[in-house]
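The numbers here are math on the coordinates, done by the rules we state, and not lab data. From a predicted model like this one, the values you see are computed outputs, not experimental measurements. Every residue, glycine among them, receives a Cβ derived from its backbone with ideal geometry; neighbour counts consider all protein chains shown.
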Amino acid sequence: MAEIQKDFDILEFPLEGVAAYWLSLKKLVGSRRNFKILEEEAAYTSEPFVRHLLDVGFRGFSDERVRLLAAAKADVLLDEVARRFNLMRIAIMDVATGENPHRTLAKLYAQFPVPPVSDDKAMTLAQELLKLLPEHQAGQERFYDVAHKAQDDRLVVALLFYVLLSRHEGKAGCQPLLGYVSSRFFREGLAMVIDGFDAPFVRKWLKEHKAVVLAAARRKMVMSTEMCIAISARLDYEDVFRVARSYMR
């Protein structure tokens, strides 16, 4: 039986890795007459777009409908990622300019129809993280992480913490925590600020990197959709691979 990558993030996983995932599913299905085995795969797959494709791609829907449903889910997920990148950008630029944390919080909340956590609670939790820092203990690293998959309330608190930290300790005070940050977007943007890059340059880098990441993710989603349809159509392994190669350099 083919070995399946159970836990991956389509945003960060390379295109070739995403293609390999679908090819491994083709091997898993083999010559079976039905796709019931993929129902189990959907239950164990944490990647939301892939899980959606596994749910809609093998139910007898027309290719056109599968593409429609996949595109709708892609828009929802990529809009969410874009919003989280915007939140990170706000925090990075506010570290760069030494912004008042209360103003930062107002800017962050402008990205939400309804704030995920109250102003007072967000500020209190961020200040508690600041107090914890001198007594840092193993296992607390997760509190300082910034990730695009974090819950909204935790992301807001973490971003606010970095703005507070830079106000108290200066930009260099954020340096020791960069190793705990899983988001490349936030980590590299903040590192540029710490290294003294001017704000317009950092702002432009964030804008361009966001566009590149989202475009690459959309390509992986489109490729995944077409490979899913190819597997559903019972194309042989080599033909499914040909579909994948159409999206590769």
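Structure above, values below:
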{"item": "Difference of contour (0.36 nm per residue) and Cα-Cα distance, D9 to R59", "result": "15.6 nm"}
{"item": "Sequence-separation-based contact order of the range 10-100, relative, with Cα cut under 8 Å and 6+ spacing, percent", "result": "17 percent"}
{"item": "Estimated inter-spin distance, D145 and N86, nm [label 7 Å along Cα→Cβ]", "result": "2.5 nm"}
{"item": "Whole-Hz ³J(HN,Hα) from phi, Karplus 6.51 cos²θ - 1.76 cosθ + 1.60, for the range 172-189, glycine and proline x", "result": "4, x, 7, 3, x, 9, 4, x, 8, 8, 8, 7, 4, 4, 6, 4, 6, x"}
{"item": "Furthest towards positive pole of dipole, S232, P48, A110, structure part the chain, Cβ charges", "result": "S232"}
{"item": "Cross-link pairs K36/K149; K121/K171; K149/K210; K26/K220; K171/K210 - those with Cα-Cα distance over 21 Å", "result": "K36/K149; K121/K171; K171/K210"}
{"item": "3J(HN,Hα) from dihedral phi, the range 211-220, Karplus parametrisation 6.51/-1.76/1.60, rounded to Hz, x for glycine, proline", "result": "4, 5, 5, 5, 5, 5, 5, 5, 4, 5"}
{"item": "Full-stretch length increase - R203, R218 - with 0.36 nm per residue and alpha-carbon distance subtracted", "result": "3.1 nm"}
{"item": "Among D145, D79, D94: highest mean-square fluctuation, GNM of the chain, C-alpha pairs under 10 Å", "result": "D79"}
{"item": "Fewest-first sequence of F85, F161, F13 by Cβ atoms within 10 Å of each Cβ", "result": "F13, F85, F161"}
{"item": "Mean-position separation - Cα centroids, the range 121-176 and the range 1-78, in angstrom", "result": "35 Å"}
{"item": "Efficiency of FRET between F112 and R51 - r from beta-carbon atoms, R0 35 angstrom, step 0.05", "result": "0.90"}
{"item": "Contour excess over end-to-end distance, with Cα ends at H102 and T124 and 0.36 nm allotted per residue", "result": "6.7 nm"}
{"item": "Low-density loop cleavage sites - trypsin sites (Lys or Arg not before Pro) in the range 1-78, where at most 14 other Cβ are within 10 Å (DSSP)", "result": "K6, R32, R33, R59"}
{"item": "Relative contact order (percent, whole number), the chain, Cα cutoff 8 Å, 6+ residue spacing", "result": "27 percent"}
{"item": "Model label zone, A211; criterion: amide N under 15 Å from point 7 Å along Cα-to-beta-carbon; scope the range 218-249", "result": "none"}
{"item": "Per-bin percent of Cα-Cα distances, the chain [5 Å]", "result": "1, 6, 13, 15, 15, 12, 10, 9, 8, 6, 4, 1, 0"}
{"item": "Whether the range 86-212 is rounded, prolate or oblate, judged on the alpha carbon gyration tensor where a/c under 1.5 counts as rounded", "result": "rounded"}
